[in-house]
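Here's the structure, in structure tokens; my notes come after.
Where a number appears in this text, it was derived from the coordinates with a stated rule and is not lab data. Keep in mind the model is a prediction, meaning the values are calculated, not measured. Cβ sites come from the backbone with ideal geometry, for glycine too, and all protein chains shown count toward neighbours.
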Amino acid sequence: MITAQMVQAAERIVAALSHNASPVLRRAHQRFPENLWNGAHLIEGDGRRAALDLGQVIRADRSPSRTRAELSRAEAQQLFDLARRRRPDFTGTNYGVTIVDSSAGPAVVRNQLGERKETLLKIWFPENVIINHARECGARAPKMLYSGVDPYTGREFTIMEYVTGETRPFSDPEVLRWLPDLLDQVQLMSAHPLPEGMKMDIPSWQQAMIQNADNVYDGLPPWHRSRLDELGVGPLSTIVRPDHGRAGEPAVFGHNDLYPQNLRFDDQKKLWILDWENGGPSDPHYNATLFIDRVGPLNDTTHAAITDMWNERLSSMHPGVDTESALSMYQKMEDWRGLVLSSGTMEERVAGDPDLLTTWAGKFEKRISRNPDLPEFSEDDLRSILGRWVDL
């Protein structure tokens, strides 16, 4: 058991490291409220893990010397330097992923590519903390081998085990076969107690998500805000409010970014969940909305079956919750997020293929038409607006 003196010493070390680190690292350290670090783990140099009492509070250090696990600092730096010189094997919104051989077996180095692009999803904790908790819950998440910071840029990188297998497409025709496995893992995560510092009720969690989105909205550049003004899209808080009828209902642990591209099937066809950057306190109804909204395109029968499977599982996990109302609220949040993100990025894709203008106008019309708080636009209206944005 870690003594109070050791905790205090760790706090002093972390504070010193944060003070002397680059501005980027200091901001990363300060981004996570102190009271949310309960239940973190210190990884000893020889791989032994000492769990902190959940009632204790510690500022978890994100520097390589305090977050290494399976790999030494020297080996991790060598693997990171190797990955930095190579073209990534996979790329995501903010990260490049490079497959490497490590002393712990096949691994992937995931490093940030350029300045971080905003996805409007809240980051609650460092990913190594989240993955460790996910694995404790029984979810299939890759083992974290090392988590550190590039000393030259201050950007974070992680090294984790590589899950051999395949990632299915958005419109996977076999989705009904493997969805029960995903739902089982969601249920395991929901049933496992949250560390003390993560605990909050559902309305408080919703308010934190809404506030995060509003903060991002307030920081958008003028040209982006003018586009949203043209669509009648304001801050998220103007169309969504926390559901105070669920006051006292505890938030649970969840992934918070579930969709097919964040899932992988190993060589034994077991489903693994990847990319835990946004994991933390959650509501399973939110994860259901993300998945249902982003899977496809599929035929209506399959999509209805996916929705029914989620609804049945949600009803068994949370029998007192109005599932339809919760899903409707989160659909508004996802529609708002889609409109904000698309209004800032669609021109890059349409400029390369003007024929996509009609497709994008249809996507905007679908999200706007589902929200009575937003002005009405026909698809022709939106095609004209989007055409002006990309000068077509």
How large is ³J(HN,Hα), in whole Hz, for each residue of the range 205-217 in order, when computed from phi with the Karplus curve 6.51 cos²θ - 1.76 cosθ + 1.60 and θ = phi - 60°, using x for Gly and Pro? 5, 4, 4, 5, 5, 5, 5, 4, 5, 5, 4, 5, 4
Using the beta-carbon distance between R294 and H244 and R0 = 22 Å, what value does 1/(1 + (r/R0)^6) give for FRET efficiency, to the nearest 0.05? 0.20
What is the set of long-range amide H partners of D201 at a cut-off below 5 Å, with H atoms built 1.01 Å from backbone N? A251
Return the distance in nm (one decimal) between the two label points of a simple spin-label model at D229 and R116, each offset 7 Å from Cα along Cα→Cβ. 2.9 nm
Once amide hydrogens are built 1.01 Å from N within the peptide plane, the residues lying 5 or more places from D172 or on another chain with amide H under 5 Å from its amide H are G296
Under a crude label model (7 Å from the Cα following the beta-carbon direction), how far is Q78 from F170 in nanometres? 4.2 nm
HN-Hα J in Hz across the range 242-254 - Karplus 6.51, -1.76, 1.60, θ = phi - 60°, x for Gly and Pro: x, 8, 6, x, 9, 4, x, 6, x, 5, 10, 7, x
Extension gain from E324 to T91, taking 0.36 nm per residue of separation minus the Cα-Cα distance: 80.4 nm
Give a residue-ordered list of calculated ³J(HN,Hα) values for the range 111-116 (Karplus: 6.51 cos²θ - 1.76 cosθ + 1.60, θ = phi - 60°; whole Hz; x for Gly, Pro). 10, 6, 9, x, 5, 5
For V233, what residues show an amide H to amide H distance below 5 Å, using hydrogens built from the backbone and excluding near sequence neighbours? none
